[in-house]
Amino acid sequence: MTFEEILPKLKNGEKIIRKGWSGAEEYVLLVSHDTFDGLPVTPYLLIKTSDEGFSSFAPAVCDILANDWLIV
C-alpha cells in the first residue's frame, strides 16, 4: 500500500509497518486525544521497536513515497 492508502487506516487505530524495513521496527501507531499536565497534546506518531520500546516517528520522504506499507 502507499502512504496515502495506509494513512486512513492509521487514523482508525490500525498499526502499520513497511515491508522493506528489516531492522527492529515492529509497528507505527498514531497517538491522539493525549494530554500532558492537564492540557491537550496534538496527535503524533510513535514507532515500537523490539529493543528500545517506543520512540517518536516522523516519516521521511522515502517512507511517504514508498508503496510497501502493510497493516500489522
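The values are calculated or read from the model by the stated rules, or taken from the named source; none is laboratory data. Just so you know, these numbers come straight off a predicted model, no measurement behind them. When we count neighbours, we look across all protein chains shown, and the Cβ atoms used for this are built from the backbone with ideal geometry, even at glycine. All accessible areas refer to the heavy atoms of the entire protein, side chains included, with ligands and DNA or RNA removed. Shrake-Rupley method; radii C 1.70, N 1.55, O 1.52, S 1.80 Å.
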Quiz prompt | Simple Cβ-charge dipole of the chain, Lys/Arg +1 and Asp/Glu -1, about Cα centre, in debye nearest 20 | solution = 180 debye
Practice problem: Find out how many positive minus negative residues lie around K48, taking Lys and Arg as positive, Asp and Glu as negative, among other residues whose Cβ is under 12 Å from that of K48. | Solution: -3
Self-check item: Whole-Å semi-axes of the chain's equivalent ellipsoid (Cα gyration tensor)
Solution: 22, 15, 10
Quiz prompt | Vicinal HN-Hα couplings computed from phi for segment 20-26 (Karplus, 6.51 cos²θ - 1.76 cosθ + 1.60; Hz; Gly/Pro x) | solution = x, 6, 10, x, 8, 5, 9
Exercise. May I ask you to evaluate 6.51 cos²θ - 1.76 cosθ + 1.60, the Karplus curve with θ = phi - 60°, for each residue of segment 27-42 and list the ³J(HN,Hα) values in order in whole Hz, giving x for glycine and proline?
Key: 5, 10, 9, 9, 10, 9, 6, 9, 10, 9, 6, x, 10, x, 10, 5
Quiz item: On the accessible surface of the chain, probed at 1.4 Å, how many percent belong to carbon and sulfur atoms?
Solution: 56 percent
